[in-house]
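Where a number appears in this text, it was derived from the coordinates with a stated rule and is not lab data. As the structure is a prediction and not an experimental result, all values here were calculated from the model. Here the Cβ is made from the backbone with ideal geometry for all residues, glycine too, and neighbour counts use every protein chain on show.
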């Protein structure tokens, strides 16, 4: 965190935190109750402090991305289990091995978009992924291929979870709350690109579509990579025929197969009558 923008005359909290370590060693100073509240991890993890933790988890990435000058992002959702083609023999199913082609498409797409971003200063249309393996790794890796930066939004899971090696370290964040993490995915989104995946990918996809459908989020290009995959697991037309969604809702997204097709879709999106990021008239 940067402190050069501090405008008040009060003592720096960093100073007090350091000074508190050097207090005389007495029963009073050793008591947990004596710790500075903001430096007391046990206190901050109390159930009653959940609202504070939610706020902190919203603020930390927000402030740091603001300081990094990130203005807009290209969101890339996709499965953690999809291997790169060179390792598809290790995939647990033939379908996953077949889907490995989307690792390469995600990597290529991220490289193209990062190069375009860097041409404009590297602050707009910055690639953001979930920071993990599979499609997420491919997205961050493509940004590295282009010589640019990318964002990773990790989350603590019961099993081992660590950022992939391609996330830009100063733009690598870790979350406890899924809801806050999903907010950060969408807060700067100028486009949402979804590759084949599992429950997590579906959750992210439908939350974003719901926000756009209901006008709670500005409409942005929404690309689904792999038409056969998506039509195989979701019968979109049946939803419209049943009336649970409107026929117009089927226009909120489009299918693409390759990185080049996705880039063309983004470049031509404004020609469809709406500017990217503009709230729909409702």
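Listing for the model above:
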{"read-out": "Extended-chain gain in nm, criterion 0.36 nm per residue less alpha-carbon gap, residue 10 and residue 258", "value": "83.7 nm"}
{"read-out": "Peptide ranges 71-78, 43-50 listed from the most packed, as the mean C-beta count within 10 angstrom indicates", "value": "71-78, 43-50"}
{"read-out": "Among 102-111, 184-193, the order from most to least packed when residues are scored by Cβ within 10 Å on average", "value": "102-111, 184-193"}
{"read-out": "Isotropic mean projected area of the C-alpha convex hull, the stretch 68-156 (nm²)", "value": "5.8"}
{"read-out": "Global form of the stretch 68-272, assessed from the alpha-carbon gyration tensor, a/c cut-off 1.5", "value": "rounded"}
{"read-out": "Residues of the stretch 156-188 with amide N under 17 Å of the 7 Å Cα→Cβ point at residue 145", "value": "165-168"}
{"read-out": "C-alpha long axis of helix 259-268 to longest principal axis of the chain, angle in °", "value": "90"}
{"read-out": "Contour excess over end-to-end distance, with Cα ends at residue 170 and residue 45 and 0.36 nm allotted per residue", "value": "42.5 nm"}
{"read-out": "Volume in Å³ per residue [convex hull over Cα atoms, computed for the stretch 1-137]", "value": "203"}
{"read-out": "Computed E for residue 123/residue 29 - FRET, C-beta separation, R0 30 angstrom, nearest 0.05", "value": "0.05"}
{"read-out": "Helix-only mean residue ellipticity at 222 nm for the chain, each DSSP H run of n ≥ 4 adding -39500 (n - 2.57), per residue, nearest 500", "value": "-12500 deg cm²/dmol"}
{"read-out": "Distance (nanometres) between label positions extended 7 Å along Cα→Cβ at residue 18 and residue 228", "value": "6.1"}
{"read-out": "Whole-number D in µm² s⁻¹ for the stretch 17-70, Kirkwood Cα-pair radius fed into Stokes-Einstein, 4 °C, 1.567 mPa s", "value": "97"}
{"read-out": "For the stretch 217-276: rounded, prolate or oblate by the Cα gyration tensor [a/c cutoff 1.5]", "value": "oblate"}
